[in-house]
Amino acid sequence: MKEQTIMESVDVTVFYLEMLSHSRRAVPPPRAGLTVRHVTSPTVPYYRQLYNSVGAEFNWSSRRKMSDDVLRALLENPLNELHVLFVEQKTAGFAELDRRQPDQIELVQFGLTREFIGQGLGKWFLQWTIDKAWSYHPQRFWLHTCTHDHVAALPNYRNAGFVDFRQESIRQEV
């Protein structure tokens, strides 16, 4: 007999934000020992571990639902970039930039591991990510976040210069 998984659904508000010009803020590094590495063609297990270490407690599911083959194809696409933040050689978070659409870049994933939340790294790493995205000269840089993400996420994006362009309420499985 096959075991059934019961999924719970909750109401979630999704916020869509965009930036139409480069927001150049001076955000000094909050500590020494910070590096960001562009990881080209990460393996599926590496990516899944990273994704879950950042997003599990916030119910991230988009990449978790993908088959290994679909995720591998995405990760091997050079227009989908993975940038990993390290604090003294320890993984602290990541940003995923999707450059597959002409003239725009989507910040698909962004976050820190629990150990590094609350240390000012999010503000610094977000500005690093903004600067990286605008180095490609898009017409638009955008993202979406929701009420399940960390409470500092939406204010951090808005303080960095992103502005709301759409909002919707959905039911999401958790």
Anchor LYS132: aspartates and glutamates whose Cα lies under 18 Å away (excluding residues fewer than 8 positions away in-chain): GLU18, GLU81, GLU96, ASP98, ASP103, GLU106
Whole-number D in µm² s⁻¹ for the chain, Kirkwood Cα-pair radius fed into Stokes-Einstein, 37 °C, 0.692 mPa s: 193
Mean projected area in nm² (Cα convex hull; one quarter of hull surface) for the stretch 46-130: 5.9
Per-residue Cβ neighbour rank within 10 angstrom, fewest leading, THR40, THR113: THR40, THR113
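Just want the ordering: HIS148, HIS22, HIS38, from fewest to most Cβ atoms lying within 10 Å of their own Cβ.
With the fewest neighbours first, HIS148, HIS22, HIS38 line up as HIS38, HIS22, HIS148.
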Centre separation in Å (Cα based) which lies between the stretch 37-73 and the stretch 75-117: 10
The chain - mean residue ellipticity at 222 nm from DSSP helices (-39,500 (n - 2.57) per run, n ≥ 4, rounded to 500): -7000 deg cm²/dmol
Förster radius 30 Å - calculated FRET efficiency between GLN101 and SER23 (Cβ-Cβ, nearest 0.05): 0.90
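What does the charge count near LEU34 come to, summing +1 for each Lys or Arg and -1 for each Asp or Glu among other residues with Cβ under 15 Å from its Cβ?
Once all neighbours under 15 Å are counted, the net charge is +2.
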Two-decimal log10 I(q)/I(0) for the stretch 33-96, as the Debye equation yields it once each C-alpha is a single scatterer, q = 0.12 Å⁻¹: -0.29
The stretch 1-72: proportion of alpha-carbon pairs further apart than 19 angstrom, %: 65
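Ranking MET19, MET66 by Cβ neighbours within 10 Å, fewest first, what do you get?
Taking fewest neighbouring Cβ atoms as first place, the list is MET66, MET19.
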Charge sum, other residues only, whose C-beta stays under 15 Å from SER67's C-beta, Lys/Arg counted +1 and Asp/Glu -1: +2
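Values in this text are rule-based calculations from the coordinates and carry no lab data. Small disclaimer: the values here were computed from a predicted structure and weren't measured. Ideal geometry is used to build each Cβ from the backbone, glycine not excepted, and the neighbour counts take in all protein chains shown.
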